């Protein structure tokens with residue numbers, strides 16, 4: 001039986017070996033718009049891994065359309081670097097494409113030497129907090145010409161096709177939407193006028209590259225913006241793109257960056273927005289690509305088999321495991337390391353103006369520097385702690401040829417990944433634990449669970465090197481009453497180790513406090529399966545079903561000393577979790593201090609100095625954690641060379657833990 005995801009597919013005259021399409025993603029790896037060795041090495045690995053097509057970018061069409069860490073396509077001197085990138089991707093068996101884009105009002109004056117960004121109309125962006133300058137007709141026509149010139153350079157550089165970004169809130173979609181286009185000339189008003197700029201761009205590109213060169217448009221199926229575009233308008237635009245502008249394929253994504261519907265976080269079900277691709281697929285006669293929250297081959301396969309789309313865009317999935325297609329084709333899907341949609345490395349780092357990395361794959365973005373060469377003299381290595389840092393340390397050390405054994409005092413690997421996986425919509429984190437455990441088994445690394453390492457065991461084993469990855473332990477705050485019997489730690493709640501009453505106060509509104517609040521607020525709500533059944537049967541009014549899906553059996557109050565929630569959560573994820581606190585009816589109190597825990601609740605002091613007592617059956621402590629590295633003193637006393645990694649060294653993110661573990665394991669010579 002043939003596998004639909006590995007069937008060839010044609011985009012115009014370009015035949016792809018399979019249906020896996022790596023979409024363009026900003027990686028922050030270009031320098032002064034130029035292709036770097038880092039970019040080439042990154043995409044070489046994804047091409048070697050078996051993707052059918054790789055689209056790089058986005059690439060800029062002029063100096064105002066992006067920033068210097070974007071790939072440049074707006075000058076002829078960029079062509080040699082583009083050509084090198086195209087040749088590398090094609091040499092490893094994948095088709096190579098470039099996405100062109102103009103950021104419009106999503107650019108920052110910071111990147112434009114103080115100049116304001118440009119847009120159809122001078123309407124402020126909630127994303128950048130800046131107001132753009134409205135383009136003149138002459139400037140619009142000039143940008144159209146620059147899109148065409150950039151596409152010509154892409155063609156000259158030897159790429160197999162060009163993609164244009166016409167969604168996500170960037171310039172072309174700003175012209176399309178009545179929310180951001182309030183012009184009264186030929187480029188504003190009616191849908192036909194608002195489509196004009198996008199259609200002119202594609203038509204100019206077609207004239208520049210000729211009829212044989214594949215042209216793809218990536219567009220929204222729904223922008224999820226209040227007063228934005230309807231799905232019907234976007235479907236009409238899709239028809240015009242294919243019929244009037246002769247586009248050869250459409251790639252469907254969702255939402256603007258400003259939209260308040262989560263699009264990329266783990267709470268979004270796999271393939272949740274594929275219905276939008278399907279609705280456009282029924283309107284056009286060209287291949288349709290779908291990509292949002294597809295991190296496994298089973299989902300991709302089902303989407304193609306069910307005729308939801310013709311190809312599946314898998315971006316972060318191929319950052320996490322560039323060999324995903326090859327593993328699937330070889331009949332070894334269990335070896336795939338799956339993206340967990342944490343956004344810590346692929347989005348949060350971009351907000352910090354740093355290049356993309358990955359929680360699940362510490363080699364991503366460091367393909368050459370992190371290459372693991374065999375050692376000439378293998379060492380006996382003990383890794384103590386089976387969380388993400390310890391597992392990555394063991395894998396890296398074993399890959400270099402060391403004799404590694406992993407020890408953990410618990411009965412399963414994964415450490416705090418299981419805490420992260422407890423709240424609703426965060427279950428993906430547990431898959432990383434399973435994936436890394438499989439990798440350890442494949443590498444033949446012995447794992448000793450339920451084993452507490454002490455001085456006697458260290459003396460007995462006599463390791464050459466130890467990597468201490470014992471994680472963290474929760475803080476017990478000095479609050480009067482913290483030892484009362486109805487006071488529990490957030491970690492024990494998330495691991496379902498303690499009973500929790502119906503009236504709950506959580507002390508601490510950082511990452512663990514927010515996650516615990518959502519975990520408890522979800523108790524007693526309708527499951528997705530039950531909600532679908534009741535909705536289809538029209539058993540209850542829709543508004544009642546929403547209430548039943550978001551109001552559970554526990555009343556949760558979250559208090560935090562500082563003036564905001566979610567400290568320590570990445571920017572990409574934080575807003576979604578804080579939004580969910582409101583939607584799940586969690587009472588959140590910031591700038592509030594816990595003075596005392598009483599037999600009946602928590603005595604608090606608000607920002608205005610007012611003191612009150614919140615009733616509580618259960619009080620949950622979620623005030624943070626501290627490194628658990630007491631074994632380091634024993635190692636020093638025994639004079640055993642060692643590294644302390646992850647939270648055992650310094651409490652941080654899972655991304656930081658994984659990378660510190662990998663560096664320690666790979667650095668043993």
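Computed values, structure above
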item	result
Number of the exception - residue 291 against (1) under 16 Å from residue 268 (Cβ atoms); (2) out of contact with any strand residue (DSSP E or B) (no Cβ under 9 Å at 6 or more places or on another chain); (3) buried (at least 24 other Cβ atoms within 10 Å of the Cβ)	(2)
Residue match in region 8-25 (condition: surrounded by 18 or more Cβ atoms within 10 Å (Cβ to Cβ), in a helix (DSSP H, G or I) and touching a strand residue (DSSP E or B) at 6+ places or on another chain (Cβ under 9 Å))	no
Any hit, region 366-380, residues being surrounded by 24 or more Cβ atoms within 10 Å (Cβ to Cβ), at pLDDT 95 or above, touching a helix residue (DSSP H, G or I) at 6+ places or on another chain (Cβ under 8 Å) and at negative phi	no
Region 191-209, residues that are touching a residue at least 24 places away in the same chain (Cβ under 8 Å) and out of contact with any strand residue (DSSP E or B) (no Cβ under 9 Å at 6 or more places or on another chain)	191, 195, 197, 199, 200, 203, 204, 207, 208
Of all residues making up region 579-610, the number that are farther than 15 Å from residue 561 by Cβ, surrounded by fewer than 19 Cβ atoms within 10 Å (Cβ to Cβ) and either without any contact (Cβ under 8 Å) to a residue 40 or more places away in the chain or touching a helix residue (DSSP H, G or I) at 6+ places or on another chain (Cβ under 9 Å) (or both)	6
Criterion: assigned to a loop (DSSP other than H, G, I, E, B) and farther than 22 Å from residue 651 by Cβ - qualifying residue of 404, 445, 381	445
Selection from region 455-478 of residues that are part of a loop (DSSP other than H, G, I, E, B) and closer than 27 Å to residue 402 by Cα	462, 463, 464, 469, 470, 471
Among the candidates 553, 525, residue that is touching a helix residue (DSSP H, G or I) at 6+ places or on another chain (Cβ under 6 Å) and modelled with pLDDT of 95 or more	525
Hey, residue 620 touching a residue at least 60 places away in the same chain (Cβ under 8 Å), buried (at least 22 other Cβ atoms within 10 Å of the Cβ) and in a strand (DSSP E or B) or not	yes
Selected residue (only one of 57, 93, 28, 66 is touching a residue at least 40 places away in the same chain (Cβ under 8 Å), crowded, with 24+ Cβ neighbours inside 10 Å, at positive phi and outside any helix (DSSP H, G or I))	57
Residue list for region 120-138, restricted to those being without any contact (Cβ under 8 Å) to a residue 60 or more places away in the chain, surrounded by fewer than 21 Cβ atoms within 10 Å (Cβ to Cβ) and in contact with a strand residue (DSSP E or B) (Cβ under 7 Å, 6 or more places away or on another chain)	122, 133, 134
Condition met for residue 185 (touching a helix residue (DSSP H, G or I) at 6+ places or on another chain (Cβ under 9 Å), over 23 Å from residue 71 (Cβ atoms) and crowded, with 23+ Cβ neighbours inside 10 Å)	no
Condition met for residue 564 (exposed (fewer than 15 other Cβ atoms within 10 Å of the Cβ), in a loop (DSSP other than H, G, I, E, B) and touching a helix residue (DSSP H, G or I) at 6+ places or on another chain (Cβ under 8 Å))	no
Output for region 130-151, where each listed residue is over 12 Å from residue 74 (Cβ atoms), within 33 Å of the chain's Cα centre (by Cα) and part of a helix (DSSP H, G or I)	144
Criterion violated by residue 669 - all others in (1) over 28 Å from residue 419 (Cβ atoms); (2) at pLDDT 95 or above satisfied	(2)
Odd one out for residue 265 among (1) touching a helix residue (DSSP H, G or I) at 6+ places or on another chain (Cβ under 9 Å); (2) under 30 Å from residue 148 (Cβ atoms); (3) surrounded by fewer than 24 Cβ atoms within 10 Å (Cβ to Cβ)	(2)
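The values are calculated or read from the model by the stated rules, or taken from the named source; none is laboratory data. Because the structure is predicted, anything quoted here is derived from the model rather than measured. Here Cβ is always computed from backbone atoms with ideal geometry, including for glycine, and neighbour counts include all displayed protein chains.
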